[in-house]
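Bear in mind that the values in this text are calculations on the coordinates, not laboratory data. Predicted, not measured: the structure shown is a model, and the values here were computed from it. Here the Cβ positions follow ideal geometry from the backbone for every residue, glycine too, while neighbour counts run over all protein chains shown.
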Amino acid sequence: MREFKLAPFGNLSAASVEAHLGLYKGYVEQTEAVLKQLRDATVPQAATAALTPRETLARRLSFEGNGARLHELFFEQFEAPGEGNNGTFSTAVSQRFGSFQAWQDDILELGKTRGPGWVLTCFEARSGLVDNYWIDLHEFGLPADSAVLYVVDLWEHAYWTDYGAKGRDHYMRDLLAHSNWEISAKRYQEAWRRAA
């Protein structure tokens, strides 16, 4: 499990940060538990109440594993505050959206999607373009062959306590204002190198 040094920002309290990190810990622990069961050669044959069928384990692995990884990507962006937008990342999103501001506006627009989920900015290797995606659950809708560059956690646990039921937009604006764009730039550069 990764350790993160996150400080509260905007309306986000230390208690919410700690609760969110605790949730992440749960995803990591559940991922490890599923992997342990999958390594047990008797799992596919067993049909006892203590063991779940292979299909259920595979689905849980996708949910728990992606839940853990998306939280890691999300937390990385806020460990050290950035200073303004990064030229590399800004250029990448501007190629698709016209400007860094237009990209942020699209993030905010996608964030209005009803229900819990994630907004991801991804680099698609085949086209070489960056786009934003709405992901309902951790494992549904992740674009295949894409590298995640930026993550917004829009499950209620991420913002409800400090921003309230109607505070999603304010929460997202605080995230955008406190993001370390060097992280997204590094992810973009790594994805570009892998695609080349």
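Numbers at a glance
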{"quantity": "J(HN,Hα) series, region 54-60, from Karplus relation 6.51 cos²θ - 1.76 cosθ + 1.60, nearest Hz, glycine and proline x", "calculated": "3, 4, 5, 5, 4, 5, 5"}
{"quantity": "Full-stretch length increase - residue 193, residue 5 - with 0.36 nm per residue and alpha-carbon distance subtracted", "calculated": "64.8 nm"}
{"quantity": "Order by protection proxy (mean Cβ within 10 Å, highest first), peptides 179-187, 137-145", "calculated": "179-187, 137-145"}
{"quantity": "Stretch gain in nm, segment residue 157-residue 95, where the contour uses 0.36 nm per residue and the Cα spacing is subtracted", "calculated": "19.0 nm"}
{"quantity": "D_trans [Stokes-Einstein, Kirkwood Rh over alpha-carbon pairs] for the chain, 25 °C, 0.890 mPa s, µm² s⁻¹", "calculated": "137 µm²/s"}
{"quantity": "In order through region 160-175: 3J(HN,Hα) via Karplus (6.51 cos²θ - 1.76 cosθ + 1.60), integer Hz, x for Gly, Pro", "calculated": "4, 4, 9, 10, x, 4, 9, x, 4, 4, 4, 4, 5, 5, 5, 4"}
{"quantity": "Separation of alpha-carbon centers, region 56-80 and region 90-165, rounded to whole Å", "calculated": "15 Å"}
{"quantity": "Gain upon complete extension [residue 32, residue 14; 0.36 nm per residue less C-alpha separation]", "calculated": "3.8 nm"}
{"quantity": "Selection from 179, 58, 121 lying farthest towards where the dipole of the chain points positive, charges on Cβ", "calculated": "58"}
{"quantity": "Estimated 222 nm signal from helices in the chain, with DSSP H stretches of n ≥ 4 weighted -39500 (n - 2.57), rounded to 500", "calculated": "-16500 deg cm²/dmol"}
{"quantity": "Percentage relative contact order, the chain, counting C-alpha pairs under 8 Å, at least six apart", "calculated": "25 percent"}
{"quantity": "Cβ-Cβ FRET estimate between residue 114 and residue 166, R0 fixed at 22 Å, reported to 0.05", "calculated": "0.95"}
{"quantity": "Sites residue 125 and residue 80, calculated FRET efficiency, Cβ-Cβ separation with R0 30 Å, nearest 0.05", "calculated": "0.60"}
{"quantity": "Förster radius 25 Å - calculated FRET efficiency between residue 134 and residue 59 (Cβ-Cβ, nearest 0.05)", "calculated": "0.75"}
